[in-house]
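Accompanying notes for the structure given below.
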Amino acid sequence: MSIVAAKCPCCGRDIGFEENTAEYTCIFCGARLRTSALRSEVLSGGNASSPRPAAETLARPHTHSQEKPREQSGESSERAEREQESLSEEETALQLKRKAEFKEELKKTVKQIDDMRSRKHKLQAKLKTAKGLISGGMGAAVIGIFLLVLFISEHSTFGIIASIVISVIGGFTLVYSSVRGRETKEELKALEKSIGEKKEKRDVLIGRLNKINKRLNITHGE
């Protein structure tokens, strides 16, 4: 295969390339050249040392003047990364502090919910007792009235007195249990409202903690 002699349009030195080669890289300056342009120049007898159009030169080696800005740019990038890393550490410390505060507040809120639930169970038992006393007082009052009518018809003084006592006790129990039952219901209703509010606060705190954990995991993989 024949070798075509030419001059590199970038450095002006004598070069040679194989005839069927489409591209050639100068062994002196490293420029990538299109051999078709070099052939036309040789055939036309033009000045091989004159610069060729940019389209005929595929690539040229980088000079030191081109590399220097990149080095400076790399240093600036590293400095910016160090500054960003410093800011990230400060932000991490702040997030960890907030996380500790939220955890402590969540712990107190959960304890308050547990205490209110325990109180709720006691109120429910108290309300159940009050309902039982209401039923018993109503029954005693009815029985006392029935006996009172019966003993009045028999003219039994002792029976009349006993039936009156039973009716009074039954009526007092009925009224007292009804009042206490109503108060217990109102207290239980207010307690349930407070439990709901504490649960909402608990959920908010859990959401904040999850948000902080997610942010720390995404940023630092912790």
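FYI, it's all coordinate maths here, none of it is from the lab. Predicted, not measured: the structure shown is a model, and the values here were computed from it. FYI the Cβ positions are ideal-geometry reconstructions off the backbone, even for glycines, and counts take in every protein chain you see.
Along the Cα→Cβ direction, 7 angstrom out, place labels at residue 100 and residue 143. What is the inter-label distance in nm?
The modelled label-to-label distance comes out at 6.7 nm.
Quick check on packing: order 112-124, 24-36 by the mean number of other C-beta atoms within 10 Å, highest mean leading.
24-36, 112-124
Distance between the C-alpha centers of the range 143-222 and the range 3-26? Whole Å please.
103
Under a Cβ-Cβ cut-off of 9 Å, what is the net charge of the residues other than residue 208 that fall near it, where Lys and Arg count +1 and Asp and Glu count -1?
Neighbourhood net charge equals +3.
Between residue 33 and residues 5 or more places away or on another chain, which pairs have amide H atoms under 5 Å apart, with H built 1.01 Å from N, and which residues are they?
Here 24, 25, 26, 58 satisfy the definition.
Can you tell me how much longer the chain between residue 154 and residue 179 gets when fully stretched, taken as 0.36 nm per residue apart minus their C-alpha distance, in nm with one decimal?
Length difference between fully extended and current span is 5.4 nm.
Given points 7 Å out from each Cα along the Cα-Cβ axis, report the residue 91 to residue 2 separation in nanometres with one decimal.
The modelled label-to-label distance comes out at 6.9 nm.
How far, in nm, would the chain grow between residue 118 and residue 199 when pulled straight, counting 0.36 nm per residue and subtracting the alpha carbon separation?
Computed gain between residue 118 and residue 199 is 27.7 nm.
Cβ under 15 Å from residue 179's Cβ, residue 179 left aside: what net charge do those residues give with Lys, Arg +1 and Asp, Glu -1?
+2
Using 29 Å as the Cα-Cα cut-off, could you pick out the over-long pairs in 99/185; 107/189; 97/122; 189/214; 111/189; 120/214?
From the list (99/185; 107/189; 97/122; 189/214; 111/189; 120/214), the Cα-Cα distance tops 29 Å for 99/185; 97/122; 189/214; 120/214.
Multiply the residue gap between residue 25 and residue 107 by 0.36 nm, knock off their C-alpha separation, and tell me the result in nm, one decimal place.
Result for the pair: 22.2 nm of gain on full extension.
Which whole-percent values make up P(r) of the range 142-212 when all C-alpha to C-alpha distances are grouped in 5 Å steps starting at zero?
3, 15, 11, 10, 7, 7, 7, 6, 6, 5, 5, 5, 4, 3, 2, 1, 0
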